[in-house]
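Below is one structure, written out as structure tokens, with a few remarks after it.
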Amino acid sequence: MRPDARIRQSVLVPRPLPGEWASIRSRAAMTKGVNCANTLRLIREQFPTFERSLAGLPPESRLLLSRPIVAFDQVPLAAWIPVVEWAIDAVERDEAAVTAMARRWCDADFTGVYRFFVRLGSPTFLLGRAAQVWRTYYDVGALTVSRGPDEGARQGATLSLTDFVPWPAFGSLFQGFIEQIVVLTGGHDVQVHRTSRQSGHFDYTLSYRP
């Protein structure tokens, strides 16, 4: 290696602080079971040690995993987040690895039960219905999308997620989700950049070729 070669520094995904955990538990927010069922299946496939680690999860998470999660369950985020945090720890909280996991999880959702969104549309179609897709997954937070600016052959958009639970890792997870869903609906050379990392508030810029 040349002496002046640059070594990529890993960006680490932060853990929730005690005050953030308290807020997550107090808000009683829910996510849809189909989201959790697909993700849990992929966690078990990727990390064979997961089942041996259940004793280290909080009681509400162990209770959640004590029976199968079905598509129309309403799953408390306070019970679900520690499961995802376990997977994030398993990839050493490396942000690139976390967004890659999220892309796989998104792929499982949108080539499965929500495949009609992919079959019907394009990135433009999907972005126009982003708020509807969000409400399918979560009963907390508001997602808004503004189209543009476009630059030549590239199309752009800005996305803003507000009033979500204060879960720092979700910013990286949702970035991977955005990347993958645009790819699935026909976008090319997709670039997503996070421009805000406030607690429970994430802003992104999106650029892609149709």
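The number of residues in the range 185-203 being surrounded by 22 or more Cβ atoms within 10 Å (Cβ to Cβ) and farther than 18 Å from Val84 by Cβ comes to 1.
Contact map, the range 65-84: first residue without any contact (Cβ under 8 Å) to a residue 12 or more places away in the chain, second residue assigned to a loop (DSSP other than H, G, I, E, B) and among the hydrophobic types (A, V, I, L, M, F, W, C), Cβ cut-off under 6 Å, separation 6 or more or different chains; the map is empty.
Listed by position, the strands (runs of 3 or more DSSP E) contained in the range 89-202 that have at least 2 residues being of a type outside the set (Gly, Ala, Ser), in contact with a His (Cβ under 8 Å, 6 or more places away or on another chain) and touching a residue at least 24 places away in the same chain (Cβ under 8 Å) are 155-162. From the list Leu161, Leu206, the one residue that fits, being in contact with a strand residue (DSSP E or B) (Cβ under 7 Å, 6 or more places away or on another chain), modelled with pLDDT of 95 or more, surrounded by 17 or more Cβ atoms within 10 Å (Cβ to Cβ) and more than 30 Å from Ala28 (Cβ to Cβ), is Leu206.
Being under 21 Å from the mean Cα position of the chain (by Cα), polar (S, T, N, Q) and assigned to a strand (DSSP E or B) is a property that Thr31 has. Scanning the range 37-45 for any residue that is of a type in the set (S, T, N, Q) and surrounded by 15 or more Cβ atoms within 10 Å (Cβ to Cβ) turns up at least one such residue.
When the residues of the range 46-82 are narrowed to those that are surrounded by fewer than 13 Cβ atoms within 10 Å (Cβ to Cβ) and part of a loop (DSSP other than H, G, I, E, B), which ends up modelled with the lowest pLDDT? Across the range 46-82, the extreme among qualifying residues is Phe72. Assess whether Asp139 counts as being closer than 22 Å to Ser26 by Cβ and among the charged types (D, E, K, R). Answer is yes for this residue. If you go through the range 107-132 and keep only what is modelled with pLDDT of 85 or more and farther than 13 Å from Gly187 by Cβ, you end up with Asp107, Ala108, Gly128, Arg129, Ala130, Ala131, Gln132.
The values are calculated or read from the model by the stated rules, or taken from the named source; none is laboratory data. Note that this is a predicted model, so its numbers are computed, not measured. Methodologically, a virtual Cβ is constructed for each residue, glycine included, from the backbone with ideal geometry; neighbour enumeration extends over all protein chains shown.
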